[in-house]
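Everything on this sheet refers to the single structure shown next.
Just so it is clear, none of the values below were taken in a lab; they were calculated from the coordinates. On a predicted model such as this, the values are computed, not experimentally measured, just so you know. Every residue, glycine as well, gets a Cβ built from its backbone with ideal geometry; the counts of neighbours run over all protein chains shown.
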Amino acid sequence: MNEQVIYDFMGRRRLAAIASVVLLIVAIGSLATKGLVLGLDFTGGTQIEVGYQQAAELTQVRSALEQGGFKNPVVVHFGTESDVLIRLQGQPEAGLSDQVMAVLKVANPAVELRRIEFVGPQIGEELRDDGGLGMLAALAVVMLYVAIRFQYKFSIAAVCALIHDVIITLGFFSLFNVEFDLTVLAAVLAVIGYSLNDTIVVSDRIRENFRLLRVADASEVINESLTQTLGRTIITSLTTLLVLLALFFIGGELIHNFSIALIVGVFVGTYSSIYVAANILLAMDISREDLMPTEKEGVEFDGLP
Amino acid sequence: MNRYPIWKYLLILLVVIAGFIYALPNRYAPDPAIQLSGQSGSMVMDESLMLQATAALDEAGIAYFGERVNGKSVLIRLRDAEQQLAAKSVVQEALGLDYVVALNLASNTPEWLADLGGTPMKLGLDLSGGVHFLLQVDTASVISTHLDTRLSEAKAALREARIRYKSASLKDQVLTFTFTKEEWQDQATSLIRKEFRDLLPTQSKNGSLFVVSATMSTTAVKEKEEYAVSQNITTLRKRVNELGVSEPIVQRQGRDRIIVELPGVQDTAEAKRIIGKTANLEFRLEAKPGQIAGREEFAFRSESDQGRLAWLERKIVISGDSVTNANAGYDENGRAQVDITLDAGGGRAMHYATRNNIKRGLGVLFIESKARLEMQKNEAGEEVSVAVPYVEKTIISLATVQSALGVQFRITGLDSPGEASELALLLRAGALAAPMYFVEERTIGPSLGAENISIGVKSVQLGLAIVALFMLVYYRVFGLFANLALGLNLVLLIAAMSLLGATLTLPGIAGIVLTVGMAVDANVLIFSRIREELKNGETIQGAIHSGYDRAFVSIVDANVTTLIVAVILYAVGSGPVQGFAVTLSLGILTSMFTAIMGTRALANLVYGGRNVEKLWI
């Protein structure tokens, strides 16, 4: 096994570019036409989760609420058949929970209040703005850091890869009508962190090999770097995916969508560090000259570990 | 080669020991308990009171243990968390309203651990159950009220200075005076500048009229708002304490919002009533028959007086701010009443107002701020629901002044003893400086909280087990090193969170699980590098050395960038999302230590300086 095979990643760069563009168009198209199914955190409103002993009949719950004087309640199962999520319009007056529970108890006495959430309309709007702002701030700071630690071409490549990942993850949520709430926003930001992690490791190797290898062809250097890091990329993605699957299956309904976002993000993030970041680097004609160190990087760390 | 100096081993050992010590308190789950204390701080809590309480619990069949008196309070531990609420009401009934019975969690941390500063992690509301409120302070109304007062003061000052104004009005937080002569305009401007420092007058001309408009200076507005919010926080703290909740959180969020979190509280209706009430009082004289100017009409509050209206003077004699103490009680006829004590200033004002107005009516106005949702069109023309705050003032009593009143008097005309004690509580805790309304409310039932903890723990265990197994199979001996580091990472993370007093939330647990998945990344980087070096024909010792060395820069770069994202997440997020950001960033820091230094120490210990034939990696 001493003869190392170098995979020709960059040979399929056009194909990958087309795939990325298609995915991006689908994601943006879906976001533009369908938009996201925003959760209570962002829309504002009132939502009540109740639990029954056995599977609950939604129509019964709905009619009980309507008879109790609640207008147009939205009633859906939440996670299991015996859990019901009720969405009401307007603001809960003091004692709303008691009223709802009283009405539901008439229909079926074995009902238990699990949680109530009310979010005012202006809060939802602010959260939306803050969330968007947070993502932009994260991208900007990361761009700066990478530009300082590496070089501006790496920085552009990394940020393009991140934007690619965020748009596709959001597009997934839009396309499959998965509810987007505050925890999903956190997950999307975590995807930025994860994908970046991956991109940096790959970039680091590319930089190292440009300085080390006496080959002129950039695509050869990138291919070799990607091949060298492939094992690590696959294993890390695999372990992360494994724990995310654990979260997805037993983490409960409240972090279900959170884990979906991260699972999608890990796939896209792994792909993007190979085919988006490296691809863009190549497209920008990255060369040895870009990376000739003015000072030896990493010197300050010597002897630390 | 590959040997650590002894101090590095000692340092790691020290961190490991500290980690275990500070993570340990989380092994001791606190007991549900109730805590008794006096309504005022001067009341002494003694053995007999405790026996009274335990007797009541015995009678209700509620199991308890470890009861303790410490002079100021009594703590009774309960066997069953589900009986906590029942225990509270049983004891409250037995002891009467002079005592506060609070739900509590009694710490089980051994004394030596507590002495070292060890405490368990705080649980977020999604894990412990309870209510979370976000209140919006209506600062605009504070400014309006203030300007309203300024308007009447300015009018009086102008009259006194014999400056004749044609009109004086307040609209959109701008005071506007009009004059027919230019010299009056100038005089009025300088008068406002001199007498009312917080107003900024500007001159203009409107047709033949000379206009002075005045707005509040930005610093004055800021000061007023600042005062209103901090005063409201103080008042809320007092009210929450009266509710009897263990470890409540009352803190400011942003410019004009306040977060209130009450762990363990289930009865949101009561909590909301007490917290949200502005419940200020105003005492005003009844308008004289025939009086037209300066009067206002109000409805009565009580159910039995529905539809009844009365005219009161606009002028306020005193407001609830002057109340120093209030107690609920009964009058001679057994009707509910509230005994009120005023401060000196309030007493004087009350005395002056009533002395010359015997046989006139004195009205007590109850002031509540509420919000209703209205559909409005926004800029984009969409219908959106907007919370519109409004203030409701109703008369709770209108009684004839029999004699001049002083610092002490009573209010009658309340519907029930319950209402009397609630009013007394609200007056005691002080009035809110500005109206508030709820903009966010979340209640998590106790069973959901417990369920969230158990699924959280299960996810961490499962995630850890899968990753550990994988690493062991794939990297063998080095996989074992990585797993030890991973376990230590969890311990350190929990210790750090406990020490920092960080709150654990469900997304926080998800952050821990994610950290477990990502923490091995550093080791994967190092081990892949070692394998590579071995393939390239390096010696075993050389491969270990350069594997760690070369992977280091990648690991630092990758982790620093992730850390940046986590910090931003913390800055823009709220509540649960912040919990996630905290565990994620602490996890990155601890994992760097364990994955780099921890595994290196193990590798050095096992292989360092030895003649190794084959590396099991």
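Binning the alpha carbon pair distances of the protein assembly as shown at 20 angstrom intervals from zero yields the distribution 12, 35, 31, 17, 4, 0, expressed in whole percent. Compute the angle between helix A:58-67 and the longest alpha-carbon principal axis of chain A, please, reported from 0 to 90 degrees and rounded to the nearest 10. Tilt relative to chain A: about 50 degrees. Within a straight-line Cα-Cα reach of under 22 Å, B:K535 can be paired with the following lysines, leaving aside sequence neighbours fewer than 8 residues apart in one chain: B:K614.
How big, in percent, is the set of alpha carbon pairs in the stretch B:140-220 lying more than 22 Å apart? Of all Cα-Cα distances in the stretch B:140-220, 16 percent exceed 22 Å.
The fraction of Cα-Cα pairs per 20 angstrom bin, counted from 0 for chain A, comes to 28, 45, 21, 6, 0 percent, rounded to whole percents.
Our helix-only sum for chain B, with -39,500 (n - 2.57) per DSSP H run of n ≥ 4 divided by its residues, gives a mean residue ellipticity at 222 nm of -16000 deg cm²/dmol. Computed over the stretch A:147-292, the quotient of the alpha carbon radius of gyration and 2.2 N^0.38 Å is 1.13. The percentage of C-alpha pairs in the stretch A:1-64 whose separation is greater than 12 Å is 83%. The Cβ shell under 12 Å around B:V317 holds other residues with a net charge of +3, Lys and Arg each +1, Asp and Glu each -1. Residues considered: A:V159, A:V76, A:V266. Largest GNM mean-square fluctuation over chain A, using C-alpha springs under 10 Å, is found at A:V76. With N as its number of residues, the stretch B:274-334 has a Cα radius of gyration that, divided by 2.2 N^0.38 Å, comes to 1.39.
Positive contributions from Lys and Arg (+1) and negative ones from Asp and Glu (-1), summed over other residues with Cβ under 15 Å from the Cβ of B:G406, come out at +1. Here the translational diffusion coefficient of the stretch B:426-582 follows from Stokes-Einstein with Rh set to the Kirkwood radius across Cα pairs; for 37 °C and 0.692 mPa s it amounts to 175 µm²/s. So what's the angle, to the nearest 10 degrees on a 0 to 90 scale, between helix A:121-149 and the longest Cα principal axis of chain A? Approximately 10 degrees, to the nearest ten. Taken along the Cα-to-beta-carbon direction at a fixed 7 Å, the label points for B:S144 and A:F176 span 4.9 nm.
Can you tell me the orientation of helix B:446-500 relative to chain B, as the angle in degrees between its alpha-carbon axis and the longest Cα principal axis, to the nearest 10? Value to nearest ten degrees: 20.
Roughly what percent of Cα-Cα pairs across chain B reach past 37 Å? Percentage above 37 Å: 55. As an equivalent ellipsoid, the stretch B:31-106 spans semi-axes of 18, 12, 11 angstrom, where each value is the square root of five times an eigenvalue of the C-alpha gyration tensor, largest first.
Cross-linked pairs A:K71/B:K238; A:K34/A:K71; B:K122/B:K458: Cα-Cα separations exceed 31 Å for A:K71/B:K238.
Counting Lys +1, Arg +1, Asp -1, Glu -1, what net charge surrounds B:N108 among other residues with beta carbon under 14 Å of its beta carbon? Here the count lands on +2. Would you give the gap between the C-alpha center of the stretch B:153-215 and the C-alpha center of the stretch A:102-152, rounded to a whole Å? Centre-to-centre distance over Cα atoms comes out at 48 Å. Taking R0 as 35 Å, what FRET efficiency do you get between B:E296 and A:R87 from their Cβ-Cβ distance, rounded to the nearest 0.05? E(calc), rounded to 0.05, equals 0.30. Identify all aspartates and glutamates with a Cα-Cα distance to B:K181 below 20 Å; exclude those on the same chain that are fewer than 8 residues away in sequence. Output for B:K181: B:E160.
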